[in-house]
Amino acid sequence: QVQLVESGGGLVQAGGSLRLSCAASESIFTGNIMGWYRQAPGKQREAVAQITSGGSTGYRDSVKGRFTISRDNAKNTVYLQMTSLKPEDTAVYYCNRVAVYASWGQGTQVTVSS
């Protein structure tokens, strides 16, 4: 079954940290560029970070130096370590294959209080 399952979100104060996890089915994960995305209330979904199967990474400017994406190819899992969180990081976070999207998972809510 093709699926994506995100976890690890929560409520944190500004300056805090969270680590998100995304377990993907093998057909989505293996050999593909994986990405984290987020959608804040009333806004469109936006890309946050991506990682190739070889470990090369890319980030949107607003999270550079604060967020780190990683993956465990043996576990078909991608992670997003988030530090120095800001209220504007509040959103539902999703993972997916880059460019050729699979069906979206339920996401995980991240709420950063000021």
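Observations on the structure shown:
- Difference of contour (0.36 nm per residue) and Cα-Cα distance, residue 39 to residue 2: 11.1 nm
- Accessible area of the stretch 48-111 divided out per residue, in Å², using a probe of 1.4 angstrom: 47 Å²
- Among 31, 54, 42, the residue with the largest mean-square fluctuation in a Gaussian network model of the chain, with springs joining Cα atoms closer than 10 Å, is 42.
- Label-to-label distance, residue 68 versus residue 26, with points set 7 angstrom from Cα along the beta-carbon direction: 3.0 nm.
- Rolled with a 1.4 Å probe across the full set of protein chains, the surface gives residue 61 an accessible area near 120 Å².
- Result for the chain in a Gaussian network model with C-alpha springs under 10 Å: among 71, 97, 45, the largest mean-square fluctuation is at 45.
- Distance distribution note for the chain: the fraction of Cα pairs above 21 angstrom is 28%.
The values are calculated or read from the model by the stated rules, or taken from the named source; none is laboratory data. These numbers come from a predicted model, not from an experiment. Note that we place each Cβ from the backbone using ideal geometry, even for glycine, and neighbour counts take in every protein chain shown. Surface areas here come from the heavy atoms of the whole protein model, side chains and all, with no ligands, DNA or RNA. Shrake-Rupley method; radii C 1.70, N 1.55, O 1.52, S 1.80 Å.
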